[in-house]
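Student: Below you will find the structure I want to go over with you.
The values are calculated or read from the model by the stated rules, or taken from the named source; none is laboratory data. Please read all numbers here as calculations on a predicted model, not as lab measurements. Positions of Cβ are generated from backbone atoms using ideal geometry, with glycine treated the same way; all protein chains shown enter the neighbour counts. Please note that ligands, DNA and RNA were not included when accessible areas were found on the heavy atoms of the full protein model with its side chains. Shrake-Rupley method; radii C 1.70, N 1.55, O 1.52, S 1.80 Å.
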Amino acid sequence: MSTPQLATFKIPAIENEPMRSYAPGSADRKALEAEITEMEQQLPFRVPCIINGKEVKTGKIAKQPMPHDHARHLCEYYEADEATVASAIEGALAAKDEWESLPWNDRAAIFLKAADLASGKYRYKLLAATILGQGKNAWQAEIDAAAEFSDFLRFGVKFVEELYSQQPAKNAPGVWNRVEYRALEGFVLAVSPFNFTAIGGNLPGTPALVGNVVVWKPSPAATYSNYIVHQIFTEAGVPPGVIQFTPGPPAEVVAQAINNPNFAALHFTGSTFIFKKLWKDIAANLDIYKGYPRIVGETGGKNFHIVHKSAEVRNAVLQAVRAAFEYQGQKCSALSRLYVSTSVWNNGFKDQLISEIAKIKVGSPVDFSNFMGPVIGRPAYDKIIGYIQKAKEAGGEILIGGTGDDSKGYFIQPTVILSKDPKSVTLVEEIFGPVLTVYLYEDEDYEKTLDLIDSTTSYALTGAIFAADRKALLTATNRLRNSAGNVYYNEKCTGAVVGQQPFGGARASGTNDKAGSIAIFYRFVSARSIKENFIGLENFSYPSNLV
């Protein structure tokens, strides 16, 4: 496609999407309730694969149950088979040249339109699908499917504009130096998780924004909301083939993609175990690839709060409740390790913590009064209950919760375990559920406890330091330098906002490429330097050659 470039365009000013409260009686709550009701009346939906812009219905159908009412299904979806994945890869590669060659302002316009569709026309539909399919309450769905998704798209455009503007600082006389940021050679495989609809959009969206083509494998437990995300991309103008929607069995779809010589990058969010396995599988295939594939991943966390003796107790308590139990602890950033000064614990912290947690209502996310909903499915429910049992057997004291009910939905009560063993199983291993383990330390052992936090787990995603004493804050910041990719002062360890707190961790938590910042985009481009000379040579020799 050839088109004249007749101006240097500037994108509109970018701001974070304002979050709506869904307060009683508000127009937003009424509209969302109506959308939920309509969706419940129409389900189960049928979701096809989308390959080259066309619906593909294979011979195998799987179901996405609603975790709060697991006998019912939000959707039934066609699983991509070997032929479908092969067609997806072939079609993506065929679409690549035209997509990468599209003028930047046109690609930017498509993604800005997608953001407006997500935050406007499709807002309540995205939220309803996230509530019913992924078990989020209205607020958790709002900050995810509406706000964060829109922010990823809008700020992504802003960051890519900044990326493209980064050019060589110097030009020798008679020379013009330039750098262009090419899409990767081949296709990107995006493997997204169940817990954030926004991540479902961001994993294929980020590489596509810089001209890549993507084969997208959504989580089975987020199929319907992710299908709506794909519809938004299509309506916004993403051409057929650029983002191929291939729901299906993860192992088979992913294996076929990474065994293809044109595989160029993996964009992944999910479990540490799977990410490590994929890394090994990719490494074993190096000889078949055209280049060295980029591997970008965000996995688990075993995130901490440490409460210093100088901390403001009320704030530390409430921040802990939100960090541990929002969305049933099913955030990679969720709090699961709480280290509290003994003096603070005995002087109000414990009583306030248990009192506040006792107020939490657990139940269907359709009931707006419920703070917590279900965990995502049977495997998660059994795993979490199993960890609570292991803690009991190891001598942990259940201060509150510790029970579940899976008769209708997968509900687990918010659970707090007091452990005297700093290396107990629930302080070391990721649980991904509403389980918080507390460890008490003597006031004079603050720095020793910081070393304990650093050495207890293999993860390094998020953490928070609660202290009024500035020296205590700085001491913890320095001692825990490599313990978290996102650290918070007197604020919970969850809730990173696009454009404000770039998100990601290292060690076993991932590659720390910082989603929500310009950094992530460097991973999906391959720079090419161009030097143009305006003045021809008159002789091949140099002055040093003269005698």
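Student: Expressed as a whole percent, how much of the Cα-Cα distance distribution for region 181-266 exceeds 15 Å?
Tutor: The share of Cα pairs beyond 15 Å in region 181-266 comes to 54 percent.
Student: I would also like to ask the following. When DSSP assigns beta bridges and you keep just the ones with both residues in the chain, what percent turn out antiparallel, to the nearest 5?
Tutor: 40 percent
Student: Mind listing P(r) for region 402-505? All alpha-carbon pairs, 10 Å bins, whole percents.
Tutor: Pairs per bin, as whole percents: 13, 39, 34, 12, 2, 0.
Student: Please state the relative contact order of the chain as a whole percent: Cα pairs under 8 Å, 6+ residues apart?
Tutor: 17 percent
Student: Hey, what do the phi angles of region 395-405 turn into as Karplus ³J(HN,Hα) couplings, whole Hz, using 6.51/-1.76/1.60 and θ = phi - 60°, x for Gly and Pro?
Tutor: Per-residue couplings from phi come out as x, x, 9, 7, 7, 6, x, x, 10, x, 9 Hz.
Student: Turning to a different aspect of this structure: Can you tell me the orientation of helix 149-164 relative to the chain, as the angle in degrees between its alpha-carbon axis and the longest Cα principal axis, to the nearest 10?
Tutor: 40 degrees
Student: Using the reciprocal of the averaged 1/r over all distinct C-alpha pairs, how large is the Kirkwood radius of region 1-99 in Å?
Tutor: 18.3 Å
Student: Let me know the charge dipole size of the chain about its Cα centre in debye, to the nearest 20, where only the beta-carbon of Lys, Arg (+1) and Asp, Glu (-1) is charged.
Tutor: Numbers: 55 positive and 57 negative charges, 59 e Å.
Dipole size: approximately 280 debye.
Student: Arrange the peptides 269-281, 134-146, 12-24, 365-377 so that the one whose residues have, on average, the most other Cβ atoms within 10 Å appears first.
Tutor: Values: 269-281: 16.5, 134-146: 25.7, 12-24: 13.5, 365-377: 21.0.
The packing order, highest mean first, is 134-146, 365-377, 269-281, 12-24.
Student: Let me ask another. Could you work out [θ]222 nm for the chain from helices alone, using -39500 (n - 2.57) per DSSP H run of at least four and dividing by all its residues? Round to the nearest 500 deg cm²/dmol.
Tutor: Value at 222 nm, helices only, nearest 500: -11000 deg cm²/dmol.
Student: Follow-up. Roughly to the nearest percent, how much of the accessible area of region 70-111 is carbon and sulfur, given a 1.4 Å probe?
Tutor: 46 percent
Student: Per the Debye formula with a single identical scatterer at each Cα and no solvent contribution, what log10 I(q)/I(0) holds for region 297-359 at q = 0.18, 0.19, 0.20 Å⁻¹?
Tutor: For region 297-359 at q = 0.18, 0.19, 0.20 Å⁻¹, log10 I(q)/I(0) is -0.63, -0.69, -0.76.
Student: Here's another thing I want to ask about it. Roughly how many Å² is the accessible area per residue of region 313-453, as a whole number, for a 1.4 Å probe?
Tutor: Value returned for region 313-453: 39 Å² of accessible area per residue.
Student: A further question on this structure: Kirkwood-based Rg over Rh for the chain (C-alpha set), two decimals?
Tutor: 1.01
Student: Give the shape of region 192-342 as rounded, prolate or oblate, defined through the alpha-carbon gyration tensor: a ≥ b ≥ c are the square roots of its eigenvalues, a/c under 1.5 means rounded, and otherwise the shape is prolate if a/b is larger than b/c and oblate if not. Mind showing how you got there, number by number?
Tutor: Details: a/c = 2.80, a/b = 1.80, b/c = 1.56.
Prolate is the answer for region 192-342, as a/c is 1.5 or above and a/b outweighs b/c.
Student: Rounded to a whole number, what is D in µm²/s for region 267-320 from Stokes-Einstein with the Kirkwood radius over alpha-carbon pairs (20 °C, 1.002 mPa s)?
Tutor: Using the Kirkwood radius from Cα pairs, D works out to 147 µm²/s.
Student: Further, regarding this structure: What is the Cα coordinate range of region 29-188 on the first, second and third principal axes, sorted by size from largest, in whole angstrom?
Tutor: 73, 41, 21
Student: Here is a follow-up. For region 60-125, just list the percent of Cα-Cα distances falling in each 10 Å bin from zero outward, please.
Tutor: Spelled out per bin, shortest first, that is 16, 21, 34, 24, 4.
Student: Also, quick follow-up: From the Cα gyration tensor of region 301-406, with a ≥ b ≥ c the square roots of its eigenvalues, which class applies: rounded if a/c is under 1.5, or else prolate if a/b is larger than b/c, or else oblate?
Tutor: Values: a/c = 1.86, a/b = 1.42, b/c = 1.31.
Note, shape of region 301-406 comes out prolate.
Student: Sticking with this one: Just to confirm, what accessible area per residue do you get for region 216-291 at 1.4 Å probe, in whole Å²? Please list the in-between numbers first.
Tutor: Values: 2770 Å² over 76 residues.
Spelled out: the 1.4 Å probe surface of region 216-291, per residue, equals 36 Å².
Student: Could you provide, to the nearest whole Å², the per residue accessible area of region 149-207 with probe 1.4 Å?
Tutor: With all protein chains present, region 149-207 gives 33 Å² per residue.
Student: Find the Rg to Rh ratio for region 88-168, where Rh is the Kirkwood radius over alpha-carbon pairs and Rg uses the same atoms.
Tutor: 1.10
Student: Here is a follow-up. I need the phi-derived Karplus couplings for region 375-392: 6.51 cos²θ - 1.76 cosθ + 1.60, θ = phi - 60°, integer Hz, Gly and Pro marked x.
Tutor: These are the phi-based 3J(HN,Hα) values: 7, 5, x, 4, x, 5, 4, 5, 5, 5, 4, x, 5, 4, 5, 4, 5, 4 Hz.
Student: State the percentage of accessible surface on region 398-493 attributable to carbon and sulfur atoms; use a 1.4 Å probe and exclude ligands, DNA and RNA.
Tutor: Carbon plus sulfur share of accessible area: 45 percent.
Student: Next up: Using only the Cα atoms of region 449-547, what do you get for the radius of gyration and for Dmax, in Å?
Tutor: 23.9, 74
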